[in-house]
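Worksheet for the structure shown next.
The values are calculated or read from the model by the stated rules, or taken from the named source; none is laboratory data. It should be emphasised that the depicted structure is a prediction, and the values quoted were computed from it without experimental measurement. Neighbour counts run over all protein chains shown; Cβ positions are idealised from the backbone, glycine included.
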Amino acid sequence: MVKIALIGAGKMGLSHLSILGAHPKVEIVGVCDTSKMVVQVLERYSGYKCFSDYLKMADESRPDAVVVAVPTKYHFPMVKELLNRGIHIFTEKPFCLNPEESKELTELAKKVGVVNQVGYHNKFVGTFQEVKRLINAGSIGEITHFQGEAYGPVVVKKKSDTWRSDPSEGGGCLMDYASHVIDLINDIISPIESCKGSILKSIYSKSVDDSVYALVESKSGVSGLISVNWSDETYRKMSTSISIMGTNGKIESDANELKVFFKGDKFPTGYSKGWNVKYVTDLTEEVDFYLRGEEYSAQIDYFIKAVLGEKNNVINTFESAWKTDKSISLIKEQSSK
Amino acid sequence: MERIIFGDNQFFAVNHISDEKSRAQSIKFKDDSAIIKTLDIAIAAGVNTFMCTTHDRIANICEIIRKDPTKYKDFKIYPCMPYAHKYANAVTELGIAGTLKQYVPGNFVGSLLKGGVAYLSKDYISIMELLIDAEMKMFKGINTPVIFLQNVITDLLLGLGMTDFLLGFAKHVREKYNAEPGFITMNLPKLLDTLEKAEFKNPIICTSINKVNFRMSGGKDLYEKTLREGRCRVIAMQVLGGGAIPAGEALEYVSNLPNVESILFGASSRQNIENTVDTIRYHDQKRRTGLTSI
Ligand SMILES: NC(=O)c1ccc[n+]([C@@H]2O[C@H](COP(=O)([O-])OP(=O)(O)OC[C@H]3O[C@@H](n4cnc5c(N)ncnc54)[C@H](O)[C@@H]3O)[C@@H](O)[C@H]2O)c1
C-alpha cells in the first residue's frame, strides 16, 4: 500500500483523487485545499481527513507520496518543502513558472532520491506512444521537420479573472496549453533548444496570451512549427496533434488516430507501403478504473508502481519537465524580442 | 426499456476514434432539422427511445417534439445529465463555488457560502437536487421514464467514495420525476458492488460492452460473469468498441449476451440505422427460435 495525500482538490485534483480512491494499492491519508466548501464536501461524503495547510498535512498524515494539483505558481514552493521531507511527488504540469525553479527541484529530487513525475498525460496516450516507438526505430528515416498543434475552447470570450489569466501565476496559453505539445515534441523528437521567431497573441484575455505561433529547432537540428490556440471554439475539447516529416515517410497523429505514410518498401511489422491508419483503441491497454481517458488512470498507476518499486521512474520525470520549461521560456523570450 | 435505443453522440461531434469524423458530423448536424430528420428515420425503423445528453441543443429538439404530440406519441427520451463540458468550462472560469452560484437557481448557494445556512450534510444533496431540476427543465411535457447520470460524474463519485450522491440522485429522480434512475459508467463491476453494498438492488446501468474489451474496466471476463449473474438491468453501449470491430460481428456478440436488456447505438445515415436495427432483430429472432426448437 502507498499512503498518498493530495494538495489542491480543484478540477484536476478531484480527478486524480477519484482515480487514486479507486486504486487498490492506495490509501488516501489526507487532502488539502484552501476552499472551505471543497473540504466540507470531501470530509462529509468521502470521509477523507482534510487540511487547509499542506505542511500540517505532511507532518500529521505522513504520506509516502503527494499529488500536487494546485495552481502552477505553488508547484515550486510546495514541491520543494515536500522533497525536503523525502516524499515522492507527482505534480501537475507545467512544472514551474521558470526553468531555474525546475532545475532546482530536479536536482533536489535526484539528491533526495524520490520518485518524481509531472502530469503530462499525453505520454500515456496510445497513439503518441506508438509515434515515439516509430521514431525511435528510425522508421520514417531522417526527420526533416515537425509540426505540433493544439486547439480548443478554453477562453472564447472576455472572462472574469482567475489564476489562468495572471501571467505571474502560470496562466496563458503558452504555459497552460502549448506546454502539452512542446513536452510531447521534446520527448518524441528531441528537446526544442532554439526559437527563431514566435508570436504570443491575446485574443480575449487582458494580460495573457490566447495563442502561440512559433518557429523552433530541436536539439537534433530538426525544424518545426508550433501552432496553439485555446480560443478556438470549433473544437469541442482540447485537440492535440503532431506531424513529423521524414525522408522515408510521414507521421500524423492526434490522441485518437495515427496515420503513417511509408514511401518505400521498408516499414515496421504491422505496417505497409503507403498510408496506414491505426486507432487509439487498438493501441491502448485497458485500465482498472476508467474516469476520463485511459491516460489519466495510466499515469497515476505508473506513479504508484514507481513508488512501489515495480516500475522505473523514467516517463515524465522532473528532468523532462524542466526541459519543457526551458523550451517554453525560449519561446516566451523570443516573442518579446 | 426497449431492446434498441438510439443515442446522440453523432449529433454532437463525439467520435472516439477520429477528429476528422467528428468535424464532419458537426457540419452535418449543424441545423436542428438534420437531427430531427435522423430521429425520424430511427423512429420509422421502430426505435422509439432516444437517449441524450442535456446539451443546450436538445432543448430545441424537445421544443419540436412537444409541438407535434401525435407524431411523437410513443416517443421517449432518456435524459443523461449533466452535459459535463458546460460545468467543466464554468469551473475553469468561476471556480467550484462560482459555478454552483451560477447554475443553482435561487440564492441557496450564496447563503450557504456565507455560512447563513447551517452546515448540514443535507445541504449538498439539496444542491444536487436543484441542479437536477435545472437540467430537467428542457424535458417538461416529454415522457422521460429513465433518467441517467453521465459516466464522468458517476465514475467521479464512485472513485471519491461519494455513494450518498449516487443514492441521492436515484431518490430525487424517483420522487420528483416518477422515473427510474440509471447510471452510465465505464466501471460496471465496481459500480454494481458499490450500489449493492448500499442496499440498492437491480439498478439500471448503461455501460461499455463489446468484444474487444474497450472501456470495460476490470476486463471482459469479469463483465461477462457480472452479466451472467443478472444483478442489474443493462444497456450496452459502445458495442462497436470505438470502431474497432466490424458492425455485424459486434452486434452478434452483444445481441447474444445474457441479461443485456437494451442496446444503445448511434448512427447518422439511414442505411446504418436500418442495418443496425435489422441485425439486432435478426439475432434476437434467431436466438428465440433456437430456444423454442430445443
Ligand atoms: N494535465 C492537464 O491536462 C491539466 C488540466 C488542467 C489543469 N492542470 C494543472 O493542474 C493544476 C491545477 O489546475 P486546476 O485546473 O485543477 O485548477 P483549479 O483552480 O480548478 O484547482 C486548484 C485547487 O487548488 C486549491 N488551492 C489553491 N491554493 C491552494 C493552497 N495554497 N493550498 C491548498 N490548496 C490550494 C484551490 O482551492 C482549488 O481547489 C495547474 O498546475 C494546471 O496547470 C493540468
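Observations on the model:
- Residue check, A:Ser243 in contact (Cβ under 8 Å) with a residue 24 or more places away in the chain and buried (at least 19 other Cβ atoms within 10 Å of the Cβ): no
- Test result for A:Gly138, surrounded by fewer than 24 Cβ atoms within 10 Å (Cβ to Cβ), more than 16 Å from the ligand (Cβ to nearest atom) and either of a type in the set (Val, Ile, Thr) or in the same structural domain as A:Ser253 (by TED's automatic domain parsing) (or both): yes
- Considered as a group, the residues in the range A:44-73 that are assigned to a strand (DSSP E or B) and within 18 Å of A:Ser15 (Cα to Cα) include one that is nearest to the ligand (Cβ to nearest atom), and that residue is A:Val68.
- Only one of the numbered conditions (1) surrounded by fewer than 23 Cβ atoms within 10 Å (Cβ to Cβ); (2) at pLDDT below 95 is not met by A:Asn256, and that is (1).
- Test for A:Thr240: is it at pLDDT below 95, closer than 30 Å to B:Tyr83 by Cα and β-branched (Val, Ile, Thr): no
- Within the range B:195-211, being surrounded by fewer than 19 Cβ atoms within 10 Å (Cβ to Cβ) and either in contact with a strand residue (DSSP E or B) (Cβ under 8 Å, 6 or more places away or on another chain) or within 11 Å of chain A (Cβ to nearest Cβ) (or both) holds for one residue alone: B:Asn202.
- The range A:283-306, residues that are at the interface with chain B (Cβ under 9 Å from one of its Cβ atoms) and touching a strand residue (DSSP E or B) at 6+ places or on another chain (Cβ under 9 Å): A:Tyr290
- Residue match in the range A:79-89 (condition: among the charged types (D, E, K, R), within 15 Å of the ligand (Cβ to nearest atom) and within 23 Å of A:Lys326 (Cα to Cα)): yes
- Among residues of the range B:72-99 being more than 12 Å from chain A (Cβ to nearest Cβ) and within 30 Å of A:Lys36 (Cβ to Cβ), the one that is farthest from the ligand (Cβ to nearest atom) is B:Met81.
- Residues in the range A:153-168 that are within 14 Å of another protein chain (Cβ to nearest Cβ) and either on the phi > 0 side of the Ramachandran plot or part of a helix (DSSP H, G or I) (or both): A:Trp163, A:Arg164, A:Ser165.
- Count - residues of the range A:170-202 that are away from chain B (no Cβ under 14 Å) and outside any loop (DSSP other than H, G, I, E, B): 23
Rundown of residues vs (1) part of a loop (DSSP other than H, G, I, E, B); (2) over 24 Å from B:Asn9 (Cβ atoms); (3) touching a Leu at 6+ places or on another chain (Cβ under 7 Å), yes/no style:
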site	(1), (2), (3)
A:Glu217	no, yes, no
A:Tyr235	yes, no, no
A:Lys250	no, yes, no
A:Ser253	no, no, no
A:Lys259	no, no, no
A:Asp265	yes, yes, no
A:Thr269	yes, yes, no
A:Trp275	no, yes, no
A:Glu286	yes, no, no
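- The single condition from (1) within 14 Å of another protein chain (Cβ to nearest Cβ); (2) crowded, with 19+ Cβ neighbours inside 10 Å; (3) in a helix (DSSP H, G or I); (4) of a type outside the set (A, V, I, L, M) that A:Phe76 fails is (1).
- Test: residue in the range B:250-259 that is polar (S, T, N, Q), more than 26 Å from B:Ile132 (Cβ to Cβ) and touching a His at 6+ places or on another chain (Cβ under 8 Å): yes
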